[in-house]
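Accompanying notes for the structure given below.
The values are calculated or read from the model by the stated rules, or taken from the named source; none is laboratory data. A quick note: this is a predicted structure, and the numbers were derived from the prediction, not measured. Quick reminder, even Gly has a Cβ in these numbers, built from the backbone with ideal geometry, and neighbours come from all protein chains shown. These accessible areas exclude ligands, DNA and RNA; they are computed on the full protein's heavy atoms, side chains included. Shrake-Rupley method; radii C 1.70, N 1.55, O 1.52, S 1.80 Å.
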Amino acid sequence: MAGDEGRRVLLTGATGYVGGRLLRRLLREGRTVRCLARRPEYLRSRIGPEAEVAAGDVLDPESLLLALEGVHTAYYLVHSMGSGPDFEELDRRGAAAFGEAAKARSVRRIIYLGGLGEREESLSPHLRSRHEVGDVLRGSGVEVVEFRASIVIGSGSLSFEMIRALVERLPVMVTPRWVASQAQPIAVADLLEYLVRVLDMDVGGGRIFEIGGADRVSYGDLMREYARQRSLRRLMIPVPVLSPHLSSLWLGLVTPLYARVGRQLIESLRHDTVVRDGGAAEAFGIRPMGVKECVAWALRNEEAEFAETRWSDAVSSSGPQRTWTGVRFGNRLMDVRSVSVPLPPERAFAPIRRIGGKVGWYSAGWLWRLRGFLDLLAGGVGMRRGRRHPEELRVGDAVDWWRVEAFEPGRRLRLLAEMKLPGRAWLEFEVEPSRGGSEIRQMAVFDPVGLSGLAYWYGIYPLHALVFRGMLRGIARAAAAGEASAARRPDPEGWGA
């Protein structure tokens with residue numbers, strides 16, 4: 001029952017994709033949660049005081065005994081696919097240690113997230129290990145509820161990002177046989193619903209539930225649906241054979257993010273991962289999304305996450321000016337910079353509040369005017385609109401070719417570009433107090449559409465870097481000049497000295 005100390009939940013994998021979202025869901029419902037983390041200081045900084053954090057590792061039996069003390073139900077969301085060639089042995093040892101510790105601490109139930117796939121000799125090492133972990137946990141004698149899922153679709157999920165990378169960057173794809181493999185993609189929201197609902201259900205002992213979305217589709221179908229929703233035209237040319245090793249190299253060329261797990265992942269993709277036992281739908285009464293809804297939901301939810309996420313939480317910027325040009329958020333490319341100034345936040349933010357219009361953009365004014373002229377030639381708004389008021393801003397205001405999307409006086413301004421672009425762009429500023437003054441953070445974000453978007457970003461990035469660097473320096477100079485001017489201004493009330 002929510003909030004009941006006797007129903008304490010232990011969550012492993014809280015820093016992972018599913019685990020992190022599950023943690024937020026459990027806390028919103030008022031559950032008593034303890035997280036197991038190898039680096040507890042990292043997790044504590046992200047979740048606040050709402051959940052306990054226990055230092056430990058599934059390969060450290062003593063830390064598990066401490067973490068599982070007083071726990072009713074434990075979520076096991078751990079796997080070692082990115083740990084190297086011995087990941088199967090690490091998975092086996094971790095599951096054995098966790099099961100033994102759970103048994104010793106009288107844990108009532110372990111909830112485990114595994115993978116779909118028929119058990120056979122030719123099963124890939126990754127899927128074979130997923131099944132084996134479930135067997136090892138059950139061998140402890142603790143009740144185990146195992147969910148076997150197909151690929152998970154959600155903003156930021158590995159499968160979704162892989163599909164995104166392939167479709168966005170390759171207008172023509174030579175597709176190996178695994179692209180025709182059947183899957184039953186499940187939205188991460190539906191997956192979380194299963195994981196949460198089972199907490200209060202009596203399933204009559206240990207059970208294995210196969211879960212998936214409403215549609216059975218191939219990976220090619222998924223790519224085509226993503227392309228359709230992004231208004232991209234893509235050509236797929238199937239080839240009869242392409243080994244997992246070559247496929248992983250192909251994937252690695254598209255995006256280095258997947259190089260660590262590429263081969264194991266590709267070997268798993270050659271298997272069909274579809275639901276063959278419909279018991280989960282009957283037991284839980286969940287009506288999962290179909291593929292169109294999954295992709296649309298992932299893209300839509302990404303917008304909300306991007307709007308709500310403070311990029312300064314994800315990027316460590318301190319001291320003198322720092323530049324981060326390789327930062328990504330989903331498909332978005334970012335240029336993130338910061339500078340410290342010996343001024344209070346309201347003074348540091350003043351030039352940002354006045355940006356655009358007659359004041360300009362604090363750097364390379366001729367480049368801004370040239371870009372505005374080119375935008376006009378392309379049928380865009382150019383730089384003609386200026387701004388409504390030289391000092392005041394509000395959400396919805398036009399500022400040259402930008403639109404104010406978010407505004408927190410003295411702290412934050414986010415602008416959405418309305419110029420002609422092969423994608424979408426934002427410019428965001430944030431001011432926070434720091435030791436000895438304030439830190440001004442500036443972020444330029446671009447969401448490219450297809451190869452033309454990528455070519456635009458990287459083709460003119462040298463000019464962008466010049467503008468972004470100069471703009472931040474110009475804002476810092478304008479803030480300092482404004483402070484000096486304020487210091488010289490006579491005090492009308494006579495309170496100065």
Open item on the list: On alpha carbon coordinates alone, what is the Rg over Rh value for region 387-441, Rh being the Kirkwood radius?
Closed with: 1.05
Open item on the list: Which order do the peptides 64-76, 165-177 come out in when sorted by mean C-beta neighbours inside 10 angstrom, highest first?
Closed with: 64-76, 165-177
TODO: Report the net charge of residues surrounding Cys294, where surrounding means a beta-carbon distance below 10 angstrom and charges are Lys +1, Arg +1, Asp -1, Glu -1.
DONE: -3
TODO: Using a 1.4 Å probe and ignoring any ligands, DNA or RNA, find the accessible area of Leu416 and quote it in Å² to the nearest 10.
DONE: 50 Å²
Task: Burial order of peptide ranges 26-34, 140-148 (average beta-carbon count within 10 Å, highest first) - done: 140-148, 26-34
Task: Calculated FRET value between Ser452 and Asp277, using beta carbons and R₀ = 41 Å, to 0.05 - done: 0.35
TODO: Tally up the carbon and sulfur contribution to the accessible surface of region 348-426 as a whole percent, 1.4 Å probe, everything protein left in place.
DONE: 58 percent
Open item on the list: Need one number: the % of Cα-Cα pairs in region 194-241 sitting beyond the 14 Å mark.
Closed with: 69 percent
Task: Sorted peptide list for 102-113, 386-397, criterion being average Cβ within 10 angstrom, highest first - done: 102-113, 386-397
- [ ] Find the Cα radius of gyration of region 379-476, compare it with 2.2 N^0.38 Å by division, and give the number to two decimals.
- [x] 1.17
TODO: Please calculate the 1.4 Å probe accessible area of Glu118, with all protein chains present, and give it to the nearest 10 Å².
DONE: 90 Å²
